Amino acid sequence: MDFQVRISHPALIDFEDILEYSWANFQANAERFGNAILNHVDLLKTFPYIGSPVAGRPGVRQLIHTPILIYYRVQEGSNAVEILHFWHGSRKGPAI
């Protein structure tokens, strides 16, 4: 059974920021980059545990789409994956 992927409001804001930056600085590739991130997130529907556990953050996992880190939590009771943040790997990790 596939999991439903839910994107939290903070993650939506993160994603919008990433797209705005990409569009401003890498216009030729911005749309393809954004779509590639979303395609990577779609993998979580079938493989919710594909990401690595995040040390010190129980229940939080991390999927890497270089240079973006996708922080998420698997909610088994509701067969859902909640995307918590899209984060650039060079930044200090988000407060989760």
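Values quoted throughout were computed directly from the atomic coordinates according to the rules given, and no laboratory measurement underlies them. Everything numeric in this text was worked out from a predicted model, so none of it was measured. Reconstructed Cβ throughout: ideal geometry from the backbone, glycine too, with neighbour counts over all protein chains shown.
Okay, here's what the table says:
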quantity: 5 angstrom amide H check on F3, placed H, neighbours 5+ away; calculated: T46
quantity: Helix-only [θ]222 nm of the chain, DSSP H runs n ≥ 4, -39500 (n - 2.57) each, per residue, nearest 500; calculated: -13000 deg cm²/dmol
quantity: Förster radius 35 Å - calculated FRET efficiency between K92 and A24, Cβ distance, rounded to 0.05; calculated: 0.95
quantity: Solution diffusion estimate, µm²/s, Stokes-Einstein, the chain, Kirkwood Rh from C-alpha pairs, 4 °C, viscosity 1.567 mPa s; calculated: 95
quantity: Cβ charges +1 (Lys, Arg) and -1 (Asp, Glu), total dipole of the range 4-88, debye; calculated: 300
quantity: Per-residue HN-Hα couplings for the range 54-65 [Karplus 6.51, -1.76, 1.60; θ = phi - 60°; Hz; x = Gly/Pro]; calculated: 9, 4, x, 10, x, x, 9, 10, 9, 10, 9, 10
quantity: Rounded to 10°, Cα long-axis angle of helix 27-46 versus longest principal axis of the chain; calculated: 10
